[in-house]
Structures are given as C-alpha cells and as structure tokens.
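The next block holds one structure in the form of structure tokens; read it before the comments.
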Amino acid sequence: MTRVPPYRMRDLGQRERWLAAALLLAILAPFVLTVVRAIDSGWYPLGDDAYINLQAYGVMDGEFPLVGLPSTSYLYSGEQVAHPGPIEFYWLAVPQRLLGPALGTLLAMAVVYASSVLVAAWIVFRRAGPMPGAIACIGLAGVLSVSGGALLIDPLSSNAGSCPACIVCSAAAVAQGDIRLLRSPWSTARVASSTSPLCYPPWPWWGLRSSV
C-alpha cells in the first residue's frame with residue numbers, strides 16, 4: 001500500500017532510522033565544528049553582537065526591551081525605528097549569565113540555527129517522504145558546510161532572518177491539514193524570525209518607533 005503524507009519517523013524501518021540518525025549527525029556537525037573553532041580562536045561579541053549581549057544582560061536585571069536592534073532605515077525614512085523583535089535578548093539572557101557573553105552566545109545561537117535547520121528537514125520528510133527528506137538533509141548539510149562559520153553562530157538579527165523560510169513551509173503544510181507542525185520541536189523558526197530585520201515582510205509592526 002502506498003504511503004501518503006504526513007509521514008512519521010515511527011513508520012520507518014530499522015535501516016531507515018539508522019540512515020536518518022546519520023543524516024542528523026551530518027547536519028549538526030558544521031554547528032559543532034563552528035562552535036569549537038570559535039571558542040578556540042577566542043571569539044567575543046563586538047559591535048552589534050556586543051549591543052545584543054548588553055540588552056540580554058539587562059533582562060536578568062529587570063530591564064525588559066520591547067523592540068529589537070536600532071535600524072539604519074532612519075537614513076531613508078527620517079524616523080528613528082527599530083527591528084520589531086526583542087525575543088533574542090530574552091533567549092540569550094540565561095545562557096549568557098550562566099556561561100558568559102562568549103560561550104553563552106555561541107551555544108544559544110547554535111541551538112537556534114541548528115534547530116531551525118532540523119525543523120526544515122523534518123517538514124520536508126513529513127510532507128514529501130523518506131527519500132525527499134534524505135535529499136533535503138544531504139543538501140542542507142552541504143550548504144551548511146560551505147556557508148561560513150559566522151552564519152552558524154552569529155547572533156546578528158539579519159543572520160537570523162533566514163529562519164522565516166521554515167514558517168512558510170509550516171504554514172503551507174498546516175494549510176493542508178498537518179496540524180502537528182504547529183507543535184514542532186522548539187518552533188525555532190517562529191522564535192528566531194521575531195528578531196529579523198525590517199526587510200523581511202510582512203511585518204504588522206512595520207515602522208515601530210524605538211524606545212531605546
């Protein structure tokens with residue numbers, strides 16, 4: 001009997017599960033290597049990354065930001081605006097306080113980016129099946145291995161803007177009746193996209209004035 005979506009991991013045979021585990025490791029390997037390399041080279045947040053860390057540090061002291069990073073769009077609009085999503089500050093607050101600004105940021109952002117990639121791969125598998133899912137994993141692993149370490153760990157909100165693509169996939173699948181995708185692990189795409197810059201439409205908070 002031909003299987004139809006949604007496809008589930010528990011329906012896979014033992015051999016297919018071993019293959020899925022190997023592909024999972026292939027996707028995670030670039031993130032692990034990038035974090036290790038950054039720690040070894042003495043990475044430390046500077047510039048916009050430092051500003052993000054300062055905002056995250058303030059969260060634990062009771063300073064709760066309502067908007068994201070200041071936007072350079074004021075150069076064109078004449079109005080001081082900010083990126084709409086401050087949730088990255090809250091996400092980094094505890095890891096940064098426990099592990100320090102460098103290690104806490106590296107690990108927290110690696111978790112966000114790796115989770116979003118895994119969600120994307122899972123969506124392909126769940127909607128298209130094992131073979132397309134495997135091809136997607138191989139393609140994602142290849143792209144990640146050549147994309148450069150900064151894109152895999154950098155907390156800059158413009159880098160986190162790649163995650164909304166997962167939302168589009170989730171929305172399309174949910175529209176077809178796959179409600180379980182609303183409860184996907186971490187729902188990382190929805191979390192990370194809230195830190196995206198204003199250039200990622202559509203945003204109902206477009207033009208939100210900065211309070212910082």
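The values are calculated or read from the model by the stated rules, or taken from the named source; none is laboratory data. Keep in mind that this is a model prediction, so the values were computed, not measured. Glycine also receives a Cβ, built like all others from the backbone with ideal geometry; neighbour counts cover every protein chain displayed.
Okay, here's what the table says:
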read-out: Filtered residues of region 55-64 (kept if loosely packed, with under 14 Cβ neighbours inside 10 Å and within 13 Å of GLN96 (Cβ to Cβ)); value: MET60, ASP61
read-out: Count of region 56-82 residues which are at pLDDT 80 or above, touching a Ser or Thr at 6+ places or on another chain (Cβ under 9 Å) and charged (D, E, K, R); value: 0
read-out: Where ALA93 falls short, out of the listed (1) touching a Phe, Trp or Tyr at 6+ places or on another chain (Cβ under 8 Å); (2) modelled with pLDDT under 90; value: (2)
read-out: Residue list for region 65-102, filter: among the aromatic types (Phe, Trp, Tyr) and either touching a strand residue (DSSP E or B) at 6+ places or on another chain (Cβ under 8 Å) or under 18 Å from SER157 (Cα atoms) (or both); value: TYR74, PHE89, TYR90, TRP91
read-out: Considering residues of region 1-42 that are part of a loop (DSSP other than H, G, I, E, B) and of a type in the set (A, V, I, L, M, F, W, C) only, the residue nearest to ILE138 (Cα to Cα); value: LEU12
read-out: Check on GLY85, more than 18 Å from TYR44 (Cα to Cα), in contact (Cβ under 8 Å) with a residue 40 or more places away in the chain and out of contact with any Leu (no Cβ under 6 Å at 6 or more places or on another chain); value: yes
